[in-house]
Structures are given as C-alpha cells and as structure tokens.
Amino acid sequence: MNGKSDEKKTVKTGSPRNMLRQTRSEHTKKDELKLFSEEDIKAVFACVSQEEREKLAAGYDLKALARIFEDESAMETVNALLRNDLSVCRTARELYMHRNTLVYRLNTIYRRTGLDVRNFEMAVTFKILHYLYLLK
C-alpha cells in the first residue's frame, strides 16, 4: 500500500431498478448519506425507452413546458426554489429579489404549465418532465 485510498470506483450498469439498488447498497456501507446527483437521475431516465418516456409526458402541455425549460431565468428560479427546500423566503434571499417578485415568477410558471412548483409533488413532476425534455 502506498498511502492512497483503496476505495474502488463502481460503474452502475443495467436496468434503472438495479442501478438504484446498487447505489442504495453503496450508501448503507458508509456512515454518511450520499444523495442522488443530477447525473444519476438522468442516467436512470436514459435507460427508459423513448416510448415509455412519451407515455410519462402524455397529458402535459409540452409546448408550454418547453418554453419554461428553455427560459434560463425561469429555470434558475425553479432550481433555486428546489435548492432551498421550497422555501420562498430563502429562495428570494438567494436570488437577491423581493419575495413578491419571486411569487409573481412562480405564479407565471404555474399559469403557463399548470404545475405549482411550491408544492412538493408538483415540483417533482416538473423535474421529471424536465429530465424527459432533456433526453428528447
């Protein structure tokens, strides 16, 4: 041993279920909890067939969502809200904007997409649709 860490890097392969199971077992081996990264989540959705991805996105206004997904300001607003655990006050502070301005932006996203990202389930749905959009 030359003083370097003997920690092995693992490459996740196979079905999304196996990838999640493998990652979960890695987490139980360590004392600290590692959260799924954006890349992990994208990799899982990349394993889903195009047909299944289209089924997941069916029923949503994809044109309105695409306009939001392509708007850097709107996506920065949503991502900041998610980073701040859906706290409007903390998000407004992080973005250096008045709380009412942030609420106005979030209401605009809600009016255009039908998804209120201040609601946890709708925020998760928004993120899933964003991942599906990125894979198109």
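The values are calculated or read from the model by the stated rules, or taken from the named source; none is laboratory data. In this text the structure is predicted, and so the values were computed from the model without any measurement. For the accessible areas, the whole protein counts, side chains as well, though only heavy atoms, and no ligand, DNA or RNA atoms are used. Shrake-Rupley method; radii C 1.70, N 1.55, O 1.52, S 1.80 Å.
Quick check for you: with a 1.4 Å probe and neighbouring chains kept, what is the accessible area per residue of segment 91-133, in Å²? Walk me through the numbers before you get to the answer.
Details: 2520 Å² over 43 residues.
For segment 91-133, the per-residue accessible area is 59 Å².
Expressed as a whole percent, how much of the Cα-Cα distance distribution for segment 93-136 exceeds 17 Å?
Details: 396 of 946 pairs.
Summing the P(r) of segment 93-136 above 17 Å gives 42 percent of all pairs.
Which log10 I(q)/I(0) values does segment 37-122 give at q = 0.15, 0.17 Å⁻¹ under the Debye formula, counting every alpha carbon as one identical point scatterer?
-0.64, -0.80
Please list Thr91, Thr101, Thr108 from largest to smallest accessible area, probe radius 1.4 Å, with all protein chains kept in place. Walk me through the numbers on the way to the answer.
Numbers: Thr91 0, Thr101 65, Thr108 25 Å².
Ranking Thr91, Thr101, Thr108 by accessible area, largest first, yields Thr101, Thr108, Thr91.
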